[in-house]
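Inspection log for the structure reproduced underneath, given as structure tokens.
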Amino acid sequence: MATLEIDCPVCAEVLELSDADRADLSVGDVIVCDSCNAEMEVTRNGPGEDFELELLGVLTTCPNCGEEFDVTEDMLAEAPIIEAQAGHVASIVSCPHCRARIELEFEEAE
């Protein structure tokens, strides 16, 4: 049985999908990364390596109010970016529940 390996666009964790897994997936279905909770929508599921995902958002929990929310690509595109200690780069997003400003640091995929 063939296994398709896909790198998570957020944390670069390798997601493995068997032929059986892919047979259960349709365009529009959502896959969640076990490592970082990134949500990805299946945009193409053809034969062989013809498979694509689009990042929908990353589920995170606000440290201020404890509510979960999705950090979307649009949120990140609008978020100011700061450079913290030791060259770490972080984005500042607002919690949609309590409006606390949260510093998010993502690892770059290598």
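Alpha carbons only, please: Rg and Dmax for the stretch 41-99, in angstrom.
15.7, 46
Just need the relative contact order of the chain here, percent rounded to a whole number, with Cα pairs under 8 Å and 6+ apart.
18
Given charges of +1 on the Cβ of Lys and Arg and -1 on the Cβ of Asp and Glu, with all other atoms neutral, how large is the dipole of the stretch 1-59 about its Cα centre, in debye to the nearest 20?
So the dipole magnitude of the stretch 1-59 works out to roughly 80 debye.
Using the heavy atoms of the protein chains and a 1.4 angstrom probe, tell me the accessible area per residue for the stretch 14-65 in square angstrom.
Details: 2950 Å² over 52 residues.
I get 57 Å² per residue for the stretch 14-65.
Between ALA12 and ARG44, what is the label-to-label distance in nm when each label sits 7 Å out along the Cα-to-Cβ direction?
About 2.5 nm, to one decimal.
Take the Cα gyration tensor of the chain, multiply each eigenvalue by 5, square-root it, and list the three semi-axes largest first, rounded to whole angstrom.
Rounded to whole Å, the semi-axes are 30, 16, 11.
For the residue pair ALA23 and GLU78, what label-to-label distance in nm results when each label sits 7 Å from Cα along the Cα-to-beta-carbon direction?
Result: 4.4 nm between the two label points.
The values are calculated or read from the model by the stated rules, or taken from the named source; none is laboratory data. Because the structure is a prediction, the values reported are computed rather than measured. Cβ atoms come from the backbone with ideal geometry, glycine included; neighbour counts cover every protein chain shown. Just the protein is used for accessible areas: all its heavy atoms, side chains included, with ligands, DNA and RNA removed. Shrake-Rupley method; radii C 1.70, N 1.55, O 1.52, S 1.80 Å.
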